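Accompanying notes for the structure given below.
The values are calculated or read from the model by the stated rules, or taken from the named source; none is laboratory data. Since the structure is predicted, the reported quantities are computational estimates derived from the model, not experimental observations. All Cβ positions, even for glycine, are placed from backbone atoms using ideal geometry, and neighbour counts span all protein chains on display.
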Amino acid sequence: MLKTILAAGVAALLALPALALPASAQPAADTMGAIRARGHLLCGVTPNTAGFAVPDSRGEWRGLDADTCRAVAAALLGDAARVRFVPTTAQSRFTALQSGEVDMLSRATTWTLGREAGLGLVFTGVNYYDGNAFMVRRSLGVGSATALDGASVCLQPGSTTELNVADYFRRGDMRLNPVLIENLEELRAAFAAGRCDAYASDTSTLAAFRVGQADPESYVLLPEVFSKEPLGPVIRKGDPRFFDLVRWTGFALLAAEELGVTSANLEAAAANPNPEVQRLLGRTGDLGRQLGVENDWAARAIRAVGNFGEMWERNITPTGMPRGINRLWDRGGLMYAPPLR
């Protein structure tokens, strides 16, 4: 009888469906190993946004996001040129990351709960604090977003802006006529041609559009900023080693600005006795090896793109956007690097 009971119990256990391992027990991905084997980083960027990512006359990608990609490549591979930039649209960007077409996104992408909890992605930090706003043609004679009741608004589908604009009009009990155009250049052309009354996006994107026009003064950026848009790099969940590298490379560029370390004085800074500078540049400690790279990882990134302030001056200042809340924390802003120690 006992043998019969035991046999039945074993059979019942074998018939149970296999239990999935919890996420924490799943083997971690090795994005860094794949990048090293391939020889270059695949970085998803916006196709044409001045200040963030745009190819210059020689086809070289320029901008804050492009430099973020270069900094990661320099930290990991020792060469900022070992990046392949992959233009992505607002709708294709997450699929490109999920499918492995790119290793990371550095694409003026807003950090939201839904994107982290629902898409299997994780943001590594913020490289630009932004907010949504409206731009209109000066000839429209509108000075406030509260006067846009019934207006047609050019929007990119799949963006947080699309949702934020709908919320803004709903809160104000206003009628919205959205004009949805996925291709960024086509959307801007439609706005310039008068197909819509207003163009809504991040203030940085609107400023970049205006500065690139033949007559920038014919466009007005309305004063209302109606959302929070923390923009930053994104990677796939499940790879804590790559997450650490991308996150702390960004922090290292902020720390370098805090400490006065620049691409121009990097070699001289190596002799600075300040312990924080010594750790940042890998002269003391073992921080790089803890990240899975060489101890001079941060020095490589700074040499390649400069500190965060240098990146801002080179890429964002020409668009006319003030640094504002993107200043360092001790200068009245939100940018802050945790201790590198």
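Checking G143, G125, G158 one by one, the residue that is assigned to a loop (DSSP other than H, G, I, E, B), surrounded by fewer than 23 Cβ atoms within 10 Å (Cβ to Cβ), more than 19 Å from the chain's Cα centre (by Cα) and small (G, A, S) is G143 and no other. One residue is enough: does segment 244-251 have a residue meeting the conditions more than 18 Å from the chain's Cα centre (by Cα) and among the aliphatic types (A, V, I, L, M)? Scanning segment 244-251 turns up no residue that is more than 18 Å from the chain's Cα centre (by Cα) and among the aliphatic types (A, V, I, L, M). Remark: pairs (first residue in segment 290-309, more than 21 Å from V126 (Cβ to Cβ); second residue among the acidic types (D, E) and part of a loop (DSSP other than H, G, I, E, B); Cβ separation under 7 Å; 6+ apart in sequence or on different chains) = N295/D286.
When segment 272-299 is limited to residues that are assigned to a loop (DSSP other than H, G, I, E, B) and aliphatic (A, V, I, L, M), the one that is surrounded by the most Cβ atoms within 10 Å (Cβ to Cβ) turns out to be L281.
Quick check on segment 183-195. Is at least one of its residues in contact (Cβ under 8 Å) with a residue 12 or more places away in the chain, farther than 30 Å from N127 by Cα, out of contact with any Pro (no Cβ under 7 Å at 6 or more places or on another chain) and in the same structural domain as S144 (by TED's automatic domain parsing)? Yes; the residues of segment 183-195 include at least one that is in contact (Cβ under 8 Å) with a residue 12 or more places away in the chain, farther than 30 Å from N127 by Cα, out of contact with any Pro (no Cβ under 7 Å at 6 or more places or on another chain) and in the same structural domain as S144 (by TED's automatic domain parsing). Condition first: closer than 26 Å to D130 by Cα, touching a Leu at 6+ places or on another chain (Cβ under 6 Å) and not basic (K, R). Can you find one or more residues in segment 320-332 that meet it? Checked segment 320-332: at least one residue is closer than 26 Å to D130 by Cα, touching a Leu at 6+ places or on another chain (Cβ under 6 Å) and not basic (K, R). Answer yes or no as to whether Y168 is part of a helix (DSSP H, G or I), in the same structural domain as L221 (by TED's automatic domain parsing) and surrounded by 18 or more Cβ atoms within 10 Å (Cβ to Cβ). Yes: the conditions hold for Y168. Restricting V136, V72 to those that are crowded, with 19+ Cβ neighbours inside 10 Å, of a type in the set (A, V, I, L, M, F, W, C) and assigned by TED's automatic domain parsing to the domain that holds A200 reduces the list to V136.
Selection of segment 193-219 for residues being among the aliphatic types (A, V, I, L, M) and either within 12 Å of F134 (Cβ to Cβ) or modelled with pLDDT under 90 (or both) yields A198, A200, L206, A208, V211. If you filter segment 286-323 down to residues that are modelled with pLDDT under 95 and not hydroxyl-bearing (S, T, Y), you find that the one that is nearest to A75 (Cα to Cα) is P318. A single member of R84, R58, R107 is within 21 Å of A304 (Cα to Cα), in the same structural domain as F251 (by TED's automatic domain parsing) and not in a loop (DSSP other than H, G, I, E, B), and it is R84.
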